[in-house]
Ligand SMILES: Nc1ncnc2c1ncn2[C@@H]1O[C@H](COP(=O)(O)OP(=O)(O)O)[C@@H](O)[C@H]1O
Ligand SMILES: [Mg+2]
């Protein structure tokens, strides 16, 4: 009997719909919410292998990774951390300590929990197909790396600049506005929203605390595309209001056909990242008709998109996982584990002249203008 693991909470819409599709195909999913570890999920690792609540992890023939767990501690109080910062400014060190210590303790605990959860899934990914493996999940959060990697391969990525060098970022914005009309200010780590660049935002940005990522604004439609096993599944324009970030005021979707170039772009991006399943965002320039690649989501939401578009992403993904489990789909073959990343990184550094220059500069002293990268 085939077992497909679904790593994520059972009440998550994507996990639920995927479980239903697998069950419909006669495959019983094994749902594991790693975020429950260690409070109500037991992981034992030693001797014979890994067991989750006593059940051998090796029973999974393939797995879909929705979420490793809460990367950030649910118990920590961010308002306390922010309040603490204010309190310090006011000189109330005792209050700062009282507020900060529980947060720091929760962060430490979470690091330990997260290390075990991630290692367990990486271990599984070495032996079984996992879509997508944990080490790739962070690509979405490493936006500058993602933009650099895709741009370097000739994919159309809107020009961008990032770093802590306020002057260099300001120059990029001034040149960008003269050349393209407008620039956006977006999160380098995908944790808050993309906004229009303004003089006020720039003046208020605390470069000493948080780097900025600026990018040419491409006025036009955002198109969400899904790629599975190297092939486009479907695409739809995001219908939304006046916000720059389409996710802020989305009201619906409208299925669209991709041009041959657009299809090549998204399929190539999935291939370059070596990933089986991706939700990618294209941005169509309303003026020129050109399309740019904005983002690659490794654990995209697809439940309501599938319902609205009538494109059964979950069903296709279920078929793919079953084929992986049976060893018929090659794409999700086990990949090198986390320790091999060191060699990969060394090889990348050796090939990349910019990184070599950056490392050289870091060895001497920081480059003038702060650490600012420009791409693609
Ligand atoms: N350069 C840009 N030009 C136009 N719109 C953009 C640009 N960058 C982002 N957006 C809008 O903001 C949304 C979110 O940006 P994205 O790069 O996907 O980051 P994330 O999803 O991590 O927040 C996009 O889907 C798009 O609607
Ligand atoms: Mg996005």
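At a glance:
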quantity: Which numbered condition residue 352 misses (of (1) modelled with pLDDT under 95; (2) in contact with a strand residue (DSSP E or B) (Cβ under 9 Å, 6 or more places away or on another chain); (3) within 21 Å of residue 149 (Cα to Cα)); calculated: (2)
quantity: Residue, modelled with the lowest pLDDT, within the stretch 43-89, restricted to residues that are part of a loop (DSSP other than H, G, I, E, B) and surrounded by fewer than 12 Cβ atoms within 10 Å (Cβ to Cβ); calculated: 74
quantity: Given (1) crowded, with 18+ Cβ neighbours inside 10 Å; (2) away from ligand 2 (no atom under 13 Å from the Cβ); (3) at pLDDT 95 or above, number of the condition residue 215 does not satisfy; calculated: (2)
quantity: Selection within the stretch 178-202 - in contact with a helix residue (DSSP H, G or I) (Cβ under 9 Å, 6 or more places away or on another chain), within 16 Å of ligand 2 (Cβ to nearest atom) and over 16 Å from residue 164 (Cβ atoms); calculated: 190, 191, 195
quantity: Residue 220 within 16 Å of ligand 2 (Cβ to nearest atom), modelled with pLDDT of 95 or more and surrounded by 13 or more Cβ atoms within 10 Å (Cβ to Cβ); calculated: yes
quantity: The stretch 140-150, residues that are surrounded by fewer than 21 Cβ atoms within 10 Å (Cβ to Cβ) and within 12 Å of ligand 2 (Cβ to nearest atom); calculated: 140, 141
quantity: Search result, residues across the stretch 9-41 that are touching a strand residue (DSSP E or B) at 6+ places or on another chain (Cβ under 7 Å) and either part of a loop (DSSP other than H, G, I, E, B) or closer than 19 Å to residue 68 by Cβ (or both); calculated: 10, 15, 18, 19, 27, 29, 30, 31, 32, 34, 37, 41
quantity: Near pairs, Cβ below 7 angstrom, 6+ apart or cross-chain, from the stretch 232-247 (closer than 22 Å to residue 270 by Cα) to any residue that is within 13 Å of ligand 2 (Cβ to nearest atom) and part of a loop (DSSP other than H, G, I, E, B); calculated: 238/246
quantity: Test result for residue 137, under 21 Å from the mean Cα position of the chain (by Cα) and over 24 Å from residue 261 (Cβ atoms); calculated: yes
quantity: Inter-residue pairs, beta-carbon under 6 Å, first more than 24 Å from residue 286 (Cβ to Cβ) and in the stretch 173-192, second more than 10 Å from ligand 1 (Cβ to nearest atom), 6+ apart; calculated: 188/144; 188/162; 188/211
quantity: Condition broken by residue 136, with the remaining ones in (1) surrounded by fewer than 19 Cβ atoms within 10 Å (Cβ to Cβ); (2) within 16 Å of ligand 1 (Cβ to nearest atom) satisfied; calculated: (1)
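The values are calculated or read from the model by the stated rules, or taken from the named source; none is laboratory data. Note that the coordinates shown come from a computational prediction; the quantities given were computed from them, not determined experimentally. All Cβ positions, glycine included, derive from the backbone under ideal geometry; neighbour counts span all protein chains shown.
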